[in-house]
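Step one of this worksheet: look at the structure below.
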Amino acid sequence: MKDDRRSPFPDASTDARTAEHVPDTPQTRAPAYRLAYHDEDFMCRDELRPVRLQLELLKPQLNLDEHGIKETIVMFGGARIPEPAKKDTARTKTLADLSEFYDEAREFARLMTLRSDGQSNVIVTGGGPGVMEAGNRGAVDAGGVSIGLNIVLPHEQAPNEYVTPDLCFNFHYFAIRKMHFLMRAKAICVFPGGFGTLDEMFESLTLIQTGRMERVPFLLFGRAFWEKIINWDALADAGTISADDLDLFRFVETAQEAIDVIDTWGDSRARDVIPGR
């Protein structure tokens, strides 16, 4: 990150290095003597959670600002969906059949990245395998950059190899990660997936439904998949959502269809009235 300091005082990194070369005494070995910001045990205390939340929001924000990234295209989707060449390794026949969406995700990301100037239309994924890998891979196909927002999980997970290294982040807090997905979003594309994908989709839809977020293009790839696992009309018939809420998103099947819908989406202003209330 750039250092544009204009302070007459020593910077924090300099003092941290200086503190490593003090005489070895009982006093300097004591945890109390450590610089607070250089004390991992202190920074990881439960009482410091508000500070860690702030840092996790701020670090990617500063990095993305320094890279000039202003608008993103969000891609959500399942980590278990293989590329077609590897569909024989899929855990189920359904996952193997869904492998076609790996190629559509890759092509969509390629087409959007061709439109990108490095500041707008920048692909952002969760940084993992499956659909996420396809999104970052498509950006590489187009010779562009893309963002990966990884999350620490109990099982080992590394970023996919197609994320731009300088735009590859790791999060502890799901909530802050979600904020970074949506803070710059100019379109949201959701491919078939599991709990994580559903969580991201419904949280994003809720923000748009309630007028807390602009009504950006919201695309669900694979109508057959989404209509099989979610009875959208039943929600509207029950009155738990409004029939108008079903217009907040569109079903698409291919990358080109998605591009066409984004180009003709129309008014993206946030709702000022919630239908049915």
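The values are calculated or read from the model by the stated rules, or taken from the named source; none is laboratory data. What you see is a predicted model; the values in this text were computed from it and never measured. Using ideal geometry, Cβ is built from the backbone for each residue, glycine included, and neighbour counts are taken over all protein chains shown.
For the range 84-105, give me each residue that is without any contact (Cβ under 8 Å) to a residue 24 or more places away in the chain, under 25 Å from VAL124 (Cα atoms) and among the hydroxyl-bearing types (Ser, Thr, Tyr).
SER99
Considering each of ALA90, ALA142 in turn, give the residue that is farther than 22 Å from TYR173 by Cβ, touching a Lys or Arg at 6+ places or on another chain (Cβ under 8 Å) and crowded, with 17+ Cβ neighbours inside 10 Å. Walk me through it before giving the result.
Values: ALA90 fails: crowded, with 17+ Cβ neighbours inside 10 Å.
Going through ALA90, ALA142 in turn, the sole match is ALA142.
Regarding the range 38-53, can at least one residue be identified that is of a type in the set (A, V, I, L, M), within 30 Å of GLN119 (Cα to Cα), touching a Phe, Trp or Tyr at 6+ places or on another chain (Cβ under 8 Å) and buried (at least 16 other Cβ atoms within 10 Å of the Cβ)? Spell out how you get there, then give the answer.
Narrowing the range 38-53 to residues of a type in the set (A, V, I, L, M): 43, 48, 51, 53.
With the extra rule that they be within 30 Å of GLN119 (Cα to Cα), the set shrinks to 51, 53.
After this cut, where a residue has to be touching a Phe, Trp or Tyr at 6+ places or on another chain (Cβ under 8 Å) as well, the list is 53.
With buried (at least 16 other Cβ atoms within 10 Å of the Cβ) added as a condition, the list becomes none.
No, the range 38-53 contains no residue that is of a type in the set (A, V, I, L, M), within 30 Å of GLN119 (Cα to Cα), touching a Phe, Trp or Tyr at 6+ places or on another chain (Cβ under 8 Å) and buried (at least 16 other Cβ atoms within 10 Å of the Cβ).
Just wondering, is there one or more residues in the range 119-126 that are closer than 21 Å to ARG80 by Cα and assigned to a loop (DSSP other than H, G, I, E, B)?
At the first step, the residues of the range 119-126 found to be closer than 21 Å to ARG80 by Cα are 123-126.
Now narrow it down to the ones that are assigned to a loop (DSSP other than H, G, I, E, B): 126.
Checking the range 119-126: at least one residue is closer than 21 Å to ARG80 by Cα and assigned to a loop (DSSP other than H, G, I, E, B).
Quick one: would you say ARG271 is under 24 Å from the mean Cα position of the chain (by Cα) and not assigned by TED's automatic domain parsing to the domain that holds THR206?
Working: under 24 Å from the mean Cα position of the chain (by Cα): yes; not assigned by TED's automatic domain parsing to the domain that holds THR206: yes.
Spelling it out, ARG271 is indeed under 24 Å from the mean Cα position of the chain (by Cα) and not assigned by TED's automatic domain parsing to the domain that holds THR206.
Could you count how many residues in the range 12-57 are in a loop (DSSP other than H, G, I, E, B) and either in contact with a Lys or Arg (Cβ under 6 Å, 6 or more places away or on another chain) or of a type in the set (A, V, I, L, M) (or both)? Walk me through it before giving the result.
Restricting attention to the range 12-57, the residues satisfying the condition of being in a loop (DSSP other than H, G, I, E, B) are 20-25, 30, 34-35, 39, 44-45.
Pick out the ones that are also either in contact with a Lys or Arg (Cβ under 6 Å, 6 or more places away or on another chain) or of a type in the set (A, V, I, L, M) (or both) and you get 22, 30, 35.
Count: 3.
Kindly list, by first and then second residue, each pair from a residue in the range 164-179 that is without any contact (Cβ under 8 Å) to a residue 60 or more places away in the chain and surrounded by 15 or more Cβ atoms within 10 Å (Cβ to Cβ) to a residue that is hydrophobic (A, V, I, L, M, F, W, C) and part of a helix (DSSP H, G or I), limited to pairs with Cβ atoms under 8 Å and residues at least 6 apart or on different chains.
From the range 164-179, the pairs are THR164/ALA139.
Considering only residues that are of a type in the set (A, V, I, L, M) and surrounded by fewer than 17 Cβ atoms within 10 Å (Cβ to Cβ), which ones fall in the range 152-163? Even if it seems obvious, please write down each step before you answer.
Narrowing the range 152-163 to residues of a type in the set (A, V, I, L, M): 152-153, 158, 163.
Correct list: VAL152, LEU153, ALA158.
Conditions: (1) in contact (Cβ under 8 Å) with a residue 12 or more places away in the chain; (2) surrounded by 12 or more Cβ atoms within 10 Å (Cβ to Cβ); (3) closer than 25 Å to SER116 by Cα. PRO275 meets all but one. Number of the miss?
(3)
Can you find a residue that is assigned to a helix (DSSP H, G or I) and either touching a residue at least 12 places away in the same chain (Cβ under 8 Å) or not β-branched (Val, Ile, Thr) (or both) anywhere in the range 65-72?
Yes - at least one qualifying residue is present in the range 65-72.
Could we say that GLU71 is closer than 25 Å to THR197 by Cβ, touching a Phe, Trp or Tyr at 6+ places or on another chain (Cβ under 7 Å) and of a type in the set (D, E, K, R) here?
On the way: closer than 25 Å to THR197 by Cβ: yes; touching a Phe, Trp or Tyr at 6+ places or on another chain (Cβ under 7 Å): no; of a type in the set (D, E, K, R): yes.
Considered against the rule, which asks whether it is closer than 25 Å to THR197 by Cβ, touching a Phe, Trp or Tyr at 6+ places or on another chain (Cβ under 7 Å) and of a type in the set (D, E, K, R), GLU71 comes out as no.
Which numbered condition in (1) closer than 20 Å to ALA158 by Cα; (2) buried (at least 17 other Cβ atoms within 10 Å of the Cβ); (3) free of Cβ contacts under 8 Å to residues at least 40 places away in the same chain is the only one that ILE81 fails?
The one condition ILE81 does not meet is (3).
Cβ-Cβ below 6 Å, separation at least six or inter-chain, first residue in the range 203-220 and surrounded by fewer than 16 Cβ atoms within 10 Å (Cβ to Cβ), second of a type in the set (Lys, Arg): which pairs?
Pairs found: GLY211/ARG271.
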